[in-house]
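Beneath this line is the structure, given in structure tokens, with notes to follow.
Each reported figure results from applying straightforward, stated rules to the coordinates on display, with no laboratory input. Note that the coordinates shown come from a computational prediction; the quantities given were computed from them, not determined experimentally. Positions of Cβ are generated from backbone atoms using ideal geometry, with glycine treated the same way; all protein chains shown enter the neighbour counts.
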Amino acid sequence: MFLKVEQLTKRFGGLTANHNNDLEVHKGHIHAIIGPNGAGKTTFFNLISGFQPPTSGTITFKGTDITGMPPNKIAERGIARTFQTTHLFEKATVLDNVMIGNRLRTQSGFWDAIFRTRRERREEKESLNKAYKVLEFVGLPHLADEPIAGITQEQKKRVAFALALATEPELVLLDEPAAGVNSGETDGLAALIKKMTKRGLTVCLIEHKMAMIMSLADRITVLNQGERIAEGTPKEIQNHPAVIEAYLGGGQPESSRTETV
Amino acid sequence: MDKVMNIRNGVILTFIITLLLPFIVQSQYVLHVVTMALIWAISVYGYNMNVGYVGSLSLAHVGFFAIGAYTLGLLTVKAGWNFWLAFMAALVLSAAIGFLVGLVSFRTKGHFFAIYTMCVGFIIYLIIDKWDSLTGGVRGLIGIPHPAPIGPLTFDTLTSQYYLVLFFLAVTILVAKRLLHSLLGRTFLAVNNSEELARAIGISTRKNQLLSFVISCFFAGLAGALYASFVRFIGPDIASIVLGFEMLMYLIIGGIGTLAGPLVGTLLMVWLTQSLQFLQDSRMVLFGPVLVLLVIFYPQGIVGGITNHWRKRRKRSDLKHSESKLPKQVPSHRVNARR
């Protein structure tokens with residue numbers, strides 16, 4: 001199993017944000033996690049990417065137990081993530097942002113910096129080339145020199161993808177990649193996510209835009225109040241009574257086809 | 001391109017002026033003040049490599065300046081060590097203590113880090129002040145020797161000491177520059193920009209913060225050792241918080257995180273302090289409001305403000321150009337063009 005989460009629990013004092021959740025993500029899949037606000041989706045991502053230690057449970061990535069590892073070690077092992085509120089190095093240009101993404105694949109340290117060693121120069125060039133490559137992949141090579149403050153929300157989302165991709169991940173966790181962009185742009189981002197999996201990446205995403213999820217995801221996990229209430233293909237989820245109840249408080253099956261949330 | 005040439009020429013011109021300064025300036029007093037300013041500048045550059053690059057505001061910086069000064073002073077005066085051996089020991093000890101302090105203090109963040117390091121700085125001050133038998137307490141330490149000659153080079157005269165300090169400042173600036181434009185420097189800036197995002201892309205924030213802290217302590221120690229050998233008398237007041245805040249003020253006014261900021265800020269403020277000496281401590285009434293205005297309108301100090309201004313102007317002229325031209329091509333290899 002590519003990513004396997006077993007019995008994962010996170011408690012904040014008396015509040016259980018995640019309760020005994022299981023998740024299995026297959027290589028090359030797009031796996032969506034949905035659920036009403038406050039369902040514990042982002043916490044779930046924080047646990048997998050190491051930003052918060054779980055209270056109990058295990059996370060296994062490619063056969064290695066990564067539970068409780070710090071985020072930078074998890075990133076080194078090939079899990080990249082983006083943040084819900086588009087999170088970039090605001091003071092830098094697009095290129096500088098993406099270049100630093102390659103840092104964990106480079107070795108140059110203090111002495112390399114001071115003496116500008118061959119390694120430093122080589123790795124700098126590699127980082128630059130890779131930055132252009134991922135910017136091309138997300139379709140923004142023309143914005144390389146723009147400061148982050150000067151680009152649109154949708155472009156920021158793409159830069160965040162590029163930054164994640166620059167770390168050479170195998171699994172990408174996307175936290176609401178299409179929040180705050182219009183529907184045309186959403187389609188573009190969906191196509192980009194599809195393109196990532198074609199390149200052999202595995203994607204796990206949190207999203208509220210149902211039309212996008214239903215057409216994109218191979219599998220969907222539904223969380224509600226910290227617990228997994230359903231998992232299956234988009235078709236199964238659409239007709240799952242527990243899901244319908246969680247979203248609509250007990251409605252008619254056909255109403256599940258509406259764009260919710 | 002014009003601008004780049006101008007900056008370059010400016011640097012060369014500044015360098016020539018500093019080289020010729022002892023011949024231009026006849027007054028020993030002025031040369032003394034300038035040498036002192038250059039020593040402060042070394043310390044402020046070190047400060048910048050921590051506060052400006054990685055963004056952790058340490059208030060213990062002046063403590064490491066004092067550690068450098070006292071290590072040199074005690075080893076030469078009391079232990080009778082060879083000057084340059086003691087000098088090296090001062091640098092190593094400053095960095096080593098910095099490492100140990102950093103190990104603990106980076107467990108705290110933000111304001112707590114600032115407060116914690118301020119306490120560390122104060123403890124260093126107290127140790128120097130109270131440990132009478134070792135440091136001489138409030139009486140201080142007298143008779144620290146001038147730098148020992150290196151081959152044919154002697155450092156007995158003010159002019160030669162000026163050049164020695166200038167040499168170390170040049171090395172410091174070179175390190176600051178190389179560091180800023182390296183992958184490590186980019187990593188520091190990433191940690192400064194957003195710790196959370198830096199960690200998400202695989203950067204160990206703790207490791208980088210600690211490294212930059214040790215580097216800054218090293219240069220604080222260097223400045224301290226130079227100070228001790230230049231002034232030849234040291235007292236506990238060189239570890240005082242007031243001096244620490246003065247260094248921070250130089251940095252903020254010059255431009256935090258910029259390359260020229262520490263030098264510009266230090267020279268300007270030392271000059272102002274000298275010219276306003278008749279006001280004594282009430283010159284702070286003047287400095288205070290200026291500092292507040294600067295932080296509000298130019299958070300990146302004088303140098304940061306000027307660079308931003310240039311950038312805007314260049315952008316405006318770029319826009320004018322691009323109206324008549326096609327969008328410019330993205331150059332494929334610009335590593336070198338960017339420096």
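Some points to look at:
- Subset of A:Lys133/B:Lys109; B:Lys130/B:Lys207; A:Lys125/A:Lys194; A:Lys73/B:Lys109 violating a 27 Å alpha-carbon distance limit: A:Lys133/B:Lys109; B:Lys130/B:Lys207; A:Lys125/A:Lys194
- Theoretical ellipticity at 222 nm over chain B - DSSP helices of four or more residues, -39500 (n - 2.57) apiece, nearest 500: -24500 deg cm²/dmol
- Mean partner shielding of peptide B:206-213, defined as the number of other chain Cβ atoms within 10 Å of each residue Cβ, is 1.
- Cα-based helix-to-principal-axis angle, B:241-254 vs chain B, degrees rounded to 10: 20 degrees
- Once the mean of 1/r is taken over each pair of separate Cα atoms and inverted, region B:242-315 shows a Kirkwood hydrodynamic radius of 12.7 Å.
- Each principal axis of the Cα cloud of the protein assembly as shown was taken in turn, and the coordinate range along them, longest first, works out to 92, 65, 48 Å.
- Other-chain or far-sequence residues with amide H under 5 Å of A:Ile33's (modelled H): A:Leu205, A:Ile206, A:Glu207, A:Thr221
- GNM result for chain B, Cα springs below 10 Å: residue of B:Tyr47, B:Tyr70, B:Tyr29 fluctuating most strongly: B:Tyr29
- Entry note, region B:56-239: relative contact order of 45 percent, from Cα contacts under 8 Å with a spacing of 6+ residues.
- In this simple spin-label model, placing a label point 7 Å from the Cα along the Cα-to-Cβ direction at both A:Arg122 and B:Lys177 gives a separation of 2.6 nm.
- Highest-MSF residue in chain B out of B:Lys315, B:Lys130, B:Lys78 [GNM, Cα springs under 10 Å]: B:Lys315
- Considering only B:Ile201, B:Ile256, B:Ile215, the mean-square fluctuation computed in a Gaussian network model of chain B, springs between alpha carbons under 10 angstrom, is largest for B:Ile201.
- Cα-based shape type of region B:56-239, given that a ≥ b ≥ c are square roots of the gyration tensor eigenvalues and the cut on a/c is 1.5: oblate
- With a cut-off of 15 Å between beta carbons, the residues surrounding A:Thr60 carry a summed charge of 0, where Lys and Arg count +1 and Asp and Glu -1.
- Once the chain from B:Asn308 to B:Asp237 is taken as fully extended at 0.36 nm per residue, the excess over their C-alpha distance is 21.8 nm.
- Acute angle (nearest 10 degrees) that the helix B:284-297 long axis makes with the longest principal axis of chain B, alpha-carbon atoms: 30 degrees
- Helix axis angle, B:183-193 relative to chain B longest principal axis, alpha carbon, degrees: 90 degrees
- Using the Stokes-Einstein relation with a Kirkwood hydrodynamic radius computed over Cα pairs, the translational diffusion coefficient of region A:103-183 at 4 °C and a viscosity of 1.567 mPa s comes to 90 µm²/s.
- Legend: mean number of C-beta atoms from other chains within 10 angstrom of residue C-beta atoms, peptide A:46-54, equals 1.
- Under the Karplus curve 6.51 cos²θ - 1.76 cosθ + 1.60, θ = phi - 60°, whole-Hz ³J(HN,Hα) for region A:26-34, x wherever Gly or Pro sits: 8, 4, x, 8, 10, 10, 9, 10, 10
- Dipole in debye (nearest 20) - chain B, about Cα centre, beta carbon charges: Lys, Arg +1; Asp, Glu -1: 1580 debye
- Alpha carbon convex hull of chain B, volume per residue in cubic angstrom: 169 Å³
- Take each residue in A:67-74, count the other chain C-beta atoms within 10 Å of its C-beta, and the mean is 4.
- Nonlocal amide H pairs with B:Trp81, under 5 Å, H built at 1.01 Å: B:Thr76
- Compared with the alpha-carbon gap, the fully stretched path from B:Asp156 to B:Ser27 is longer by 44.7 nm at 0.36 nm per residue.
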